[in-house]
Amino acid sequence: MSLSTLRSSPAPHEATWDQRLAIGGSKKILTTRKRMDIRWWLQNPNASLPGGTKVEKRYQANIKHESQLYELQDNQVYRKEYHDTRCDEIVPARYALCYNDAFEILTTVHEKLMHTSPSTAFEHARRIWHGPSRDDHAWISARCAHYNKEKTQKNSKGVTPIQSHYPSERMVLDLMDFRVSVP
């Protein structure tokens with residue numbers, strides 16, 4: 001199977017991904033600084049607030065409060081296990097994605113799931129990682145040449161029956177191949 005254009009020429013897509021995250025594309029994917037600050041607060045929970053300015057102290061107080069939702073596993077930041085009241089299920093601890101690794105992880109998931117729909121990729125990824133949203137998966141899928149090629153090749157009407165008008169036409173068996181050919 002050939003690699004999609006997201007992985008074979010990642011530079012323009014990755015630059016666009018970085019711009020998307022910079023303007024607030026995904027609220028749960030952690031920045032490098034926020035990830036380091038959460039890790040520091042998890043390692044030093046009783047430390048006093050660092051920072052000289054009022055703004056910096058407010059930022060650190062917010063990070064300290066938010067760090068209660070996370071835990072360290074092998075010195076990596078994971079979202080703690082919690083009870084999801086909407087689905088009435090316990091969500092296990094999941095690795096919290098960072099800006100640096102989110103693009104690579106999401107494109108890999110998209111490819112490993114054979115370029116499925118964004119909702120299928122989201123449901124799979126949300127069990128393993130904390131952070132990516134449905135919009136993130138839709139963004140990845142929208143830029144995947146393989147996924148968009150399959151989407152345009154699908155016949156929305158389905159199979160069109162052939163009407164026969166003469167008895168000799170009914171004797172012919174016509175086989176049709178609906179598989180998608182990938183170059």
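The values are calculated or read from the model by the stated rules, or taken from the named source; none is laboratory data. Only a predicted model underlies this, so the values are computations on that prediction, with no experimental measurement involved. Backbone-built Cβ (ideal geometry, glycine too); neighbour counts: all protein chains shown. All accessible areas refer to the heavy atoms of the entire protein, side chains included, with ligands and DNA or RNA removed. Shrake-Rupley method; radii C 1.70, N 1.55, O 1.52, S 1.80 Å.
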Anything in segment 89-103 that is touching a helix residue (DSSP H, G or I) at 6+ places or on another chain (Cβ under 9 Å) and exposed (fewer than 15 other Cβ atoms within 10 Å of the Cβ)? List them, or say none. Asn100
Do any residues in segment 126-145 that are among the acidic types (Asp, Glu) have Cβ atoms under 9 Å from those of residues that are assigned to a loop (DSSP other than H, G, I, E, B) and surrounded by 15 or more Cβ atoms within 10 Å (Cβ to Cβ), where the two are at least six apart or on different chains, and which pairs are they? Asp135/Gly25; Asp135/Ser26; Asp136/Gly25; Asp136/Ser26; Asp136/Ile29
Pairs where the first residue, in segment 7-20, is at pLDDT below 80 and the second is surrounded by 14 or more Cβ atoms within 10 Å (Cβ to Cβ) and not in a helix (DSSP H, G or I), C-beta under 7 Å, 6+ apart: His13/Arg143
Only one of these conditions is not met by Thr120: (1) without any contact (Cβ under 8 Å) to a residue 12 or more places away in the chain; (2) open to solvent by 40 Å² or more (accessible area, probe 1.4 Å); (3) in contact with a strand residue (DSSP E or B) (Cβ under 8 Å, 6 or more places away or on another chain). Which number is it? (3)
For a quick check of your reading of the model, give me the residue pairs whose first member lies in segment 29-49 and is within 25 Å of Asp101 (Cα to Cα), whose second is among the aromatic types (Phe, Trp, Tyr) and open to solvent by less than 50 Å² (accessible area, probe 1.4 Å), with beta-carbon atoms closer than 8 Å and at least 6 apart or on different chains. Ile38/Tyr70; Leu42/Tyr70
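For (1) aliphatic (A, V, I, L, M); (2) open to solvent by 50 Å² or more (accessible area, probe 1.4 Å); (3) over 21 Å from Gly131 (Cβ atoms), each residue gets a yes or a no:
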site: Gln19; (1), (2), (3): no, yes, no
site: Ala22; (1), (2), (3): yes, yes, no
site: Lys28; (1), (2), (3): no, yes, no
site: Met36; (1), (2), (3): yes, yes, no
site: Trp40; (1), (2), (3): no, yes, no
site: Ser48; (1), (2), (3): no, yes, yes
site: Thr53; (1), (2), (3): no, yes, yes
site: Glu56; (1), (2), (3): no, yes, yes
site: Tyr59; (1), (2), (3): no, yes, no
